[in-house]
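This report refers to the structure that appears directly beneath it.
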Amino acid sequence: MLTAHATAHSNIALVKYWGKRRGVAPELNLPAVGSLSLTLDALRTETSVAAGSTDSFTLDGERARDGEGAKVFAHLDHVWASAGHAGPRPTCAVESTNHFPTAAGLASSASGFAALTMAAAAAFEWDASRGTLSTLARMGSGSAARSIFGGLVRLDLGDNPDGSDCRARRLAQPEDWPLSLVVAQTTVGRKAVGSTGGMERSRQTSPYFDAWIDASPRELDAAEAAVEARDLATLGAITERSCFAMHACMIATDPPLLYWNGVTVEAIKACWEARAQGLPAFVTIDAGPHVKALCRPQDAAALADLLRAVPGVTDVLVCRPGPDASVRTQPAAHAEVGQ
Ligand code: PMV
């Protein structure tokens, strides 16, 4: 095997995914809805995969917790099997670093599993297409499928029961449409309920779950058309509808999934006030309390100032569209071990 170093950027969903497909193997991690996202330049993960004497995983320079390591090694197994190699997978040393401006609970699973997938495929000398890498990244984390591509990206639901056509595709290159995303951090720390457990709880108990799923294809097609037309007002309106429909579904879950805090609400209102004053800004929020606002690059600094002024906002970060995930390889530094 080779030594591979991959870089992948995180993304924010403008049309959200919340819920897994019923009746399929859980390890395929197939979403119940498609999604549409913007890859972000300022949030990136770098991951290297090399031969090691045993499987090991370090995250931000520290040996990762057992559960995190197990997920990473299972993902290496998927990539190895998908590459068509016979025999057992070589043992690997995986090192991953999140280059996020602050450690304040911004999602890293998207960039993390995208980088891991790219690095593993290259280390196993597998020249897979980006579409194929996207389906594999999805098995680690649904949002990771989108981070294989830069710019504006759509993750199609597909029809195949094995999920082979549930993959992302690019709608616009980063330079095709200048946009900004302003991230207002409203607290420090990790989220209370992870996305996989939360989605399952919503599916089982939220009275709005089916309505949420049913609305998605229409919103996705309308959002893709808005990207095609470079129509920020329409894309922004869909972005907010998707966000608040998802959170309505979450809040109606039993027990409720209320990811917001008081500062979240104040930051939403600050964006809406900016819009009322003529600054087009459109809000989205993931399974956490931070508020992200889509806007034109020329408005980003003013919007960032408005959000910084909201009491309780701990930090504000301005992102631009980010590039494709990338990988480079070098020959293994020493004879392979642990075969
Ligand atoms: O793929 P996950 O497990 O990171 O879940 C993503 C869920 C949301 O961030 C809430 C929505 C999305 O489409 O990214």
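Rule-based calculations on the coordinates, nothing more; no lab input. All of these numbers come straight from a predicted model, not from anything done at the bench. No Cβ is skipped: glycine too gets one built from the backbone with ideal geometry, and neighbour counts run over all protein chains shown.
What the table below lists for this structure:
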quantity: Signed unit charges on C-beta, dipole axis of the stretch 54-201, positive-most listed residue L171, W80, A120; calculated: L171
quantity: Full-stretch length increase - E200, A309 - with 0.36 nm per residue and alpha-carbon distance subtracted; calculated: 35.6 nm
quantity: Counting DSSP beta bridges with both ends in the chain, the antiparallel % (nearest 5); calculated: 90
quantity: Relative contact order of the stretch 1-58, defined on C-alpha pairs under 8 angstrom at six or more residues apart (%); calculated: 48
quantity: The stretch 180-319: mean projected area of Cα convex hull, nm²; calculated: 8.5
quantity: About the Cα centre, charge dipole magnitude for the stretch 3-175 (Lys/Arg +1, Asp/Glu -1 at Cβ), debye; calculated: 580
quantity: Three-way shape label, the stretch 258-339, alpha-carbon gyration tensor, a/c 1.5; calculated: prolate
quantity: Under 18 Å from the Cα of K16 - aspartates and glutamates, other chains or at least 8 residues apart; calculated: D156, E200, D210, D214, E219, D221, E224, E240, D286
quantity: Dimensionless Rg ratio for the chain, taking C-alpha atoms and the 2.2 N^0.38 Å reference; calculated: 0.98
quantity: Relative intensity, log₁₀ I(q)/I(0), of the stretch 18-165 from a Debye sum that treats every alpha carbon as a point, q = 0.17 Å⁻¹; calculated: -0.99
quantity: Mean Cβ neighbour count within 10 Å, used as a protection proxy, ranking 214-221, 321-328 highest first; calculated: 321-328, 214-221
quantity: Cα-centred dipole magnitude for the chain, charges only on beta-carbon of K, R (+1) and D, E (-1), debye, nearest 20; calculated: 380
quantity: Order by protection proxy (mean Cβ within 10 Å, highest first), peptides 78-84, 137-143; calculated: 137-143, 78-84
quantity: Cα-projected label distance for V188 with D221, points at 7 Å along beta-carbon direction, nm; calculated: 4.8
quantity: Coil-residue chymotrypsin sites (Phe, Trp or Tyr not before Pro) of the stretch 257-294, DSSP, other Cβ within 10 Å capped at 13; calculated: none
quantity: Peptides 52-64, 12-24 ordered by average Cβ neighbours within 10 Å, highest first; calculated: 12-24, 52-64
quantity: Net lengthening on full extension, V265/T54 (0.36 nm per residue, minus Cα-Cα); calculated: 71.2 nm
quantity: Extension gain (nm, one decimal) between A70 and W177, 0.36 nm per residue minus Cα-Cα; calculated: 34.6 nm
quantity: Span-like helix ranges in the chain, DSSP H, alpha carbon extent 27 angstrom or more, Kyte mean at least 1.6; calculated: none
